[in-house]
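Novice: Take a look at this one; I'll ask things after.
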Amino acid sequence: MMPAAYAVLNTDAVKNNVSVVRRHAPGAKIMAVIKANGYGHGLQRIAEVLTDVDAFAVARGDEGIRLRKAGFRQPVTVLEGFRNNDELDLFLSYGLDTVVHSFQQLDILENRPEIGRLGVWLKIDTGMNRLGFRPADFGQVHQRLRQCRLVKGPIRFMTHLANADDKTDVKTLQQIALFNETLAGCPGERSIANSAGILGWKDALTDWVRPGVMLYGISPFPSQTGRQIGLQPVMGLYSQLIAVKPVYKGETVGYSGTWRCPESTLLGVIAVGYGDGYPRYARNGTPVLVNGRRAPLIGRVSMDMITVDLASQPNARPGDPVTLWNDDLPVEEIAQCADTIPYTLVCGITQRVQIIERELEPVTC
């Protein structure tokens, strides 16, 4: 039975997107960011495709443990690091590397008796003002960390760019300069560039790069789509018409009657909603593809259904294929129509959406 709402994943596109990383950062090692269930694409599924990257990065320890239990042996760095001794025990048991970003973590490390078992990235806060040590504290932090018995050297260093998605913002160059100034004369591998840094800022390319959203074919820049910068989208979201009916001038559609019909038209009901991960706040006029042709959203998105104006398709019938986003309808465009970012859409696909790793014959739009 054809599922009501389903996502088709082109995992070959991930390999293309890695090749784009390599073209932009030919001398760098790649730490592939597969946090948040591989940005909604499946943690293990994406890890299985990324056979030739140098390491994985996840946000939290449980994600790294899932990779280890599934048999992945590549280096795994936990970007949020450990929170307490119990979690650190798990990092050691499963061979996870950690980011050290707080004095609390440093205090824990100094009291551990084990010798040379933990790989460490020391994070410097150059202006994100989230995780990381201030540059003024770097000297004492680095010295203390070097004296921790548990840490296996050499210590590596990272920072995170706050505004790299804006190529006109000077803050990125200021962050890079501060990072380099802080580490001047200090040996050890460096990592600065996220996806936007890789694609937009050559000065951010160091020993390691950390591609995230670009691996999934999505542009980190709000003014461009992934296709426009050589990436291939990995996920397409699809459904079908389940009802077609007339709606007359002056009638309203959907909850709260937010859309009133200006002229009599044909209405299509599609089996997808925010219960599947389609954005609740998509505006009237947000495009979907019905039989490969654009049709505008009308009325509010509900949990299980959306409604579209089929005035341009008088022959549409229940069962006709619908595309919510794919190569021909970029997820970046849908995100703009919902006043959000494409990250939230792909990460928000829910469990009731069936994931398919191959193109289905009926999906030709």
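The values are calculated or read from the model by the stated rules, or taken from the named source; none is laboratory data. Given the structure is predicted, the values throughout are model-derived calculations rather than measurements. Every residue, glycine as well, gets a Cβ built from its backbone with ideal geometry; the counts of neighbours run over all protein chains shown. Please note that ligands, DNA and RNA were not included when accessible areas were found on the heavy atoms of the full protein model with its side chains. Shrake-Rupley method; radii C 1.70, N 1.55, O 1.52, S 1.80 Å.
Novice: Tell me which aspartates and glutamates have Cα within less than 20 Å of K152's Cα, excluding those fewer than 8 residues away on the same chain?
Specialist: Within the straight-line cut-off, K152 pairs with D54, E80, D86, E87, D89, D97, D107, E110, E114, E189, D207.
Novice: Still on this model: Relative to the present Cα-Cα distance, how much length would full extension add between D328 and S302 at 0.36 nm per residue of separation?
Specialist: Taking 0.36 nm per residue and subtracting the Cα distance, the gain is 6.9 nm.
Novice: Hey, what do the phi angles of the range 314-329 turn into as Karplus ³J(HN,Hα) couplings, whole Hz, using 6.51/-1.76/1.60 and θ = phi - 60°, x for Gly and Pro?
Specialist: x, 9, 4, 9, x, x, 5, x, 10, 10, 8, 6, 5, 4, 8, 9
Novice: Using modelled backbone amide H atoms (1.01 Å from N, in-plane), which distant-in-sequence or interchain residues come within less than 5 Å of W325's amide H?
Specialist: Those qualifying (amide H under 5 Å, at least 5 residues apart or on another chain) are L237.
Novice: Please check: in the Gaussian network model of the chain (C-alpha springs, under 10 Å), which one of K245, K123, K35 has the largest mean-square fluctuation.
Specialist: K245
Novice: Going by a ≥ b ≥ c, the root eigenvalues of the Cα gyration tensor, does the range 264-365 fall in the rounded group (a/c under 1.5), the prolate group (a/b larger than b/c) or the oblate group?
Specialist: The shape class here is oblate.
Novice: Sort out for me the Cα centre separation of the range 238-260 from the range 287-345, rounded to whole Å.
Specialist: What the calculation gives is 13 Å, centre to centre.
Novice: If the convex hull of the alpha-carbon atoms of the chain is projected onto planes in all directions, what is the mean projected area in square nanometres?
Specialist: For the chain, the mean projected area of the Cα convex hull comes to 19.9 nm².
Novice: Please work out the FRET efficiency for the pair D107 and T258, using the Cβ-Cβ distance as r and a Förster radius of 45 Å; give the result to the nearest 0.05.
Specialist: Using R0 = 45 Å, I get an efficiency of 0.25.
Novice: 7 Å from Cα along Cα→Cβ at both R68 and D86: what's the point-to-point distance in nm?
Specialist: Simple spin-label model gives 1.7 nm for this pair.
Novice: Can you pull the percent of the range 21-175's accessible area that's carbon plus sulfur, 1.4 Å probe, other chains left in place? Kindly include the intermediate steps, with their values, before the conclusion.
Specialist: Details: 3240 of 7110 Å².
Heavy-atom surface of the range 21-175 belonging to carbon and sulfur, 1.4 Å probe: 46 percent.
Novice: Residue by residue, what Karplus-based ³J(HN,Hα) values in Hz, rounded to whole numbers, does the range 103-119 have, using 6.51, -1.76 and 1.60 with θ = phi - 60° and x for Gly and Pro?
Specialist: The phi angles translate into 5, 4, 4, 4, 4, 5, 4, 5, 9, 8, x, 5, 10, x, 10, 10, x Hz.
Novice: Let me ask something additional. Regarding the range 144-265, what whole-number volume in Å³ per residue does the convex hull of its Cα atoms give?
Specialist: Measuring per residue, one finds 238 Å³ for the Cα hull of the range 144-265.
Novice: Once phi is turned into ³J(HN,Hα) by the Karplus curve 6.51 cos²θ - 1.76 cosθ + 1.60 with θ = phi - 60°, what whole-Hz value does each residue of the range 181-193 show in order, with x for glycine and proline?
Specialist: 5, 5, 9, 3, x, 9, x, x, 5, 10, 8, 10, 7
Novice: How far is it, in nm, from the label point at A184 to the one at R283 when both lie 7 Å from their Cα along the line to the Cβ?
Specialist: So the label points at A184 and R283 sit 4.8 nm apart.
Novice: Within the range 258-365, list the chymotrypsin sites (Phe, Trp or Tyr not before Pro) lying in a DSSP loop whose Cβ has at most 14 other Cβ atoms in a 10 Å radius.
Specialist: Of the chymotrypsin sites (Phe, Trp or Tyr not before Pro), the ones in loops of the range 258-365 whose Cβ has at most 14 other Cβ atoms within 10 Å are Y281.
Novice: Ok, one more. Amide H to amide H under 5 Å from G277: which residues, 5+ apart in sequence or cross-chain, H placed 1.01 Å off N in plane?
Specialist: Residues meeting the amide H criterion: T350.
Novice: Tell me the per residue accessible area of the chain using a 1.4 Å probe; a whole number in Å² is fine.
Specialist: Per-residue value: 45 Å².
Novice: Return a whole-number percent for the relative contact order of the chain, with Cα pairs under 8 Å and 6 or more residues apart as the contact set.
Specialist: Values: 793 pairs, mean separation 65.5, N = 365.
It comes to 18 percent, rounded to a whole number.
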